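Okay, so here's the structure we're looking at.
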Amino acid sequence: MRHITHGIRTPRISRLAGMATLVVAAAFTGTGTALAHSAGASAVDQKVDGVMVVAGNSCSWTNASTSAVPPNALTVDRTTINAPGGNLACGGGIAATLNNNPAFTFDEAAGTARTDLIDITGRQSFISCRYKATGIVWDRNTTSGKYVNRAFTAAKTSGSFLCPGSVTTPAGDASMLFH
């Protein structure tokens, strides 16, 4: 009979929890840095870059398409984030896929943005975990114009029994830049 020490199992479970958090953050996952633009910006300017760091691993993408520019309400096109149309890439052997087109609304007076829903799947090796988070709030950094996420929790909707039932993304672990 093979004996597995706790020292070997603990990092794997910790890595799975990190993967799950990364997956949720990857949506905007991401995911929240936004630079406000006027309504007259051209369609070429309707893009968003995203970056997030979880458990020491980084996920990012560039030039995803949006339906408008902030402070107008907008949606982000997941096909321009996910491969092959997009360039979402993560370190640490993690792969992520955004399952929805998140909608953002902006409150310029309060300096906040809100995402309706982020639905994302993360994979590492043979393990897949799917999570959804709703009502995510982002705060605008007055110096840089970026929106940075407030802490949020996403619930597991499907996946391996090894996936945590929920994951929490700490404040500031994700940002997006609309341009």
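The values are calculated or read from the model by the stated rules, or taken from the named source; none is laboratory data. Here the structure is a predicted model, which is why all the values come from computation and not from measurement. Positions of Cβ are generated from backbone atoms using ideal geometry, with glycine treated the same way; all protein chains shown enter the neighbour counts. Heads up: the accessible areas ignore ligands, DNA and RNA and are worked out on the full protein's heavy atoms, side chains in. Shrake-Rupley method; radii C 1.70, N 1.55, O 1.52, S 1.80 Å.
What to note about this one:
- Residue count for region 57-106 satisfying the condition of being open to solvent by 50 Å² or more (accessible area, probe 1.4 Å), assigned to a strand (DSSP E or B) and aliphatic (A, V, I, L, M): 1.
- Residue in region 163-176 that is small (G, A, S) and modelled with pLDDT under 90 present: no
- Number of residues in region 120-159 that are assigned to a loop (DSSP other than H, G, I, E, B) and open to solvent by less than 30 Å² (accessible area, probe 1.4 Å): the value is 1.
- Count of residues meeting criterion [under 21 Å from G159 (Cα atoms) and out of contact with any helix residue (DSSP H, G or I) (no Cβ under 6 Å at 6 or more places or on another chain)] in region 103-126: 6
- Members of region 66-80 found to be in contact with a strand residue (DSSP E or B) (Cβ under 6 Å, 6 or more places away or on another chain) and over 23 Å from S144 (Cα atoms), listed by number: D77, R78, T80
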